Amino acid sequence: MNITIVGTGYVGLVSGTCLADLGHSVHCVDINREKVEMMQKGKVPIYEPQLEEVFLRNIKGGRLFFTTELKEAMKVSNVIFLALPTPPGEDGSADLSYVLNVAEQIGDLMTEYTLIVNKSTVPVGTSEKVKNLIQTKTKFPFDVVSNPEFLREGYAVEDFMKPERVIVGGSSQRAFEIMDRIYLPLTNAGIKMIKMDEKSSELTKYASNSFLATKITFMNEIANYCEKVGADVDKVRFGMGSDERIGNRFLFPGLGYGGSCFPKDVKALIKSGKEVGHNFQILESVEKINQKQKTILIPEVEKYLGGLEGKNIAIWGLAFKENTDDIREAPSLEIIEQLLEKGAKVTAYDSIASDNVKKIWKNKITYADNMYDCIEGADALIIATEWGEFRNPHFNILKEKMKNRAIFDGRNLYDLNELAFHGFYYKSIGRKLIKK
């Protein structure tokens, strides 16, 4: 089929590239001319494992195209996916201006039946708003469906090509039949498509992300309690996860959640609830606890060093999680801010995300070229991202280069006995404190 994707951000580019890999002809539209020209030259503007390979394969295969002109794309396609940003406003509500502006343009440009597929994360009732707006702009028939994405950064290509389910919300048999054709390569492989109404589909995305954010936050609360009573969160996590009603995913304690989805979606659902007189008290607590969790190690570092003024602190990891360059809502940003406020000197290393952090902190911190240069003369090391290269360091090199053998691990990467053997002061989350 011929498909148009409007928006080439994270969701749009991954979705467009993967739809092309399913055999469709895909035209990706973006108003950023420089970005479009970059993609036309075969350069991927974001970091995502496996994406470049699939991207180049489909450009070469003549199935993936990029343009700044929505009108030109619509000439060859009557299926339009909206993959537009819905950033949080000051009050936490989702900003729908990008979605509604493009919907208005689509209404003006339509010349035949068109299916508008909303892939953006939007509040309940957005499909209805899009439908009502387009109706004021055209006399041609059209349908609007909700098709939320469930892509994990770092695993997005795999998640698109092998999803646990495909959610489609609509009210038109014609629209459902088109969506069946689009996703036929996946459903033929055994992937289930779950069909429902538009509002239920829109809420499914918010509910899913908010539940996972709650699960992460609950586990962090358990980890913090473990430290108070002498329990081991790793053992508790294993015991809990062995119950099939709970499962073992999202039970790893750490510095809280970040990224482009969980923080924004939790805020938006809280705000959407208030608009109809419903208070999501559990989510309000989740948001408050998560914000505190991001910097939970700072007091520990400060106590160990007897203050942070003039101290050299190394940070491993800047992205909000491994396998991405995304620093949105990353714990590292909050950690750096507090360290600088307390007079510390910060040296950071991340093989992928450093350039994005430089745009924020510029030369206020030092950026190392590798993980071992980062710790040279460090009074303490904070681990903020679970990158694979941090999992098995040469501890003898750390002992040689660091001023103090002190590691504050926000991702619980290391075995307690090994750190004790090497003589480190080792503070992790929800586990025994190792004192050298």
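Share of antiparallel DSSP beta bridges in the chain, in percent to the nearest 5?
Working: 3 of 46 bridges.
The antiparallel fraction comes to roughly 5 percent.
With every protein chain left in place, what is the accessible area per residue of segment 28-126 in square angstrom, probe 1.4 Å?
I get 48 Å² per residue for segment 28-126.
So what is the accessible area of segment 387-436 per residue, in Å², with the probe set to 1.4 Å? Show your work: numbers first, answer last.
Details: 2450 Å² over 50 residues.
So segment 387-436 comes to 49 Å² accessible per residue, rounded to a whole number.
So what is the relative contact order of the chain, in percent, for Cα pairs below 8 Å that sit 6 or more residues apart?
Relative contact order, the chain: 12 percent.
According to a simple spin-label model (label point 7 Å from Cα along Cα-to-Cβ), what is the distance in nm between residue 276 and residue 165?
1.9
Which whole DSSP H helices in the chain pass both tests: a Cα extent of 27 Å or more along the axis and a mean Kyte-Doolittle value no lower than -1.0?
Sorted by number, the helices that extend far enough and score high enough are 198-229.
If contacts are Cα pairs under 8 angstrom and at least 6 residues apart, what is the relative contact order of segment 231-332 in percent?
With pairs under 8 Å counted, the relative contact order is 30 percent.
Rounded to two decimals, what is Rg over Rh for the chain when you use alpha-carbon atoms and the Kirkwood radius?
Taking Rh as the inverse mean 1/r over Cα pairs, Rg/Rh reads 1.01.
With θ set to phi - 60° and the Karplus curve 6.51 cos²θ - 1.76 cosθ + 1.60, what are the ³J(HN,Hα) couplings of segment 22-28 in order, to the nearest whole Hz, using x for Gly and Pro?
Those phi angles translate into 7, x, 7, 9, 10, 10, 9 Hz.
Evaluate the Kirkwood expression for the hydrodynamic radius of segment 145-238, namely the inverse of the mean inverse distance over all pairs of different C-alpha atoms, and round to one decimal in Å.
15.7
What whole-number distance in Å separates the alpha-carbon centres of segment 1-62 and segment 306-366?
What the calculation gives is 31 Å, centre to centre.
On each of the three principal axes of the Cα atoms of segment 226-291, give max minus min coordinate, whole Å, ordered largest first.
41, 27, 23
Using a probe of 1.4 angstrom, how much of the accessible area of the chain is carbon and sulfur, in percent? Display every interim value, and only then the final one.
Working: 9940 of 20020 Å².
Carbon-and-sulfur percentage of accessible area, whole number: 50.
Solvent-accessible area per residue for segment 284-327 at a 1.4 Å probe radius, Å²? Don't skip to the end; give the middle numbers.
Values: 1760 Å² over 44 residues.
Per-residue accessible area for segment 284-327 comes out at 40 Å².
If you average 1/r across every pair of different Cα atoms in segment 200-337 and take the reciprocal, what Kirkwood value do you get, in Å?
16.6
Relative contact order (percent) for segment 153-262, with alpha-carbon contacts under 8 angstrom and 6 or more residues of separation?
After rounding, I find 24 percent.
Once you've got the GNM for the chain with C-alpha springs shorter than 10 Å, pick whichever of 60, 205, 294 has the biggest mean-square fluctuation.
60
The values are calculated or read from the model by the stated rules, or taken from the named source; none is laboratory data. Here the structure is a predicted model, which is why all the values come from computation and not from measurement. Cβ atoms come from the backbone with ideal geometry, glycine included; neighbour counts cover every protein chain shown. Each accessible area value is taken on the protein alone, full model and side chains, heavy atoms only, with ligands, DNA and RNA left out. Shrake-Rupley method; radii C 1.70, N 1.55, O 1.52, S 1.80 Å.
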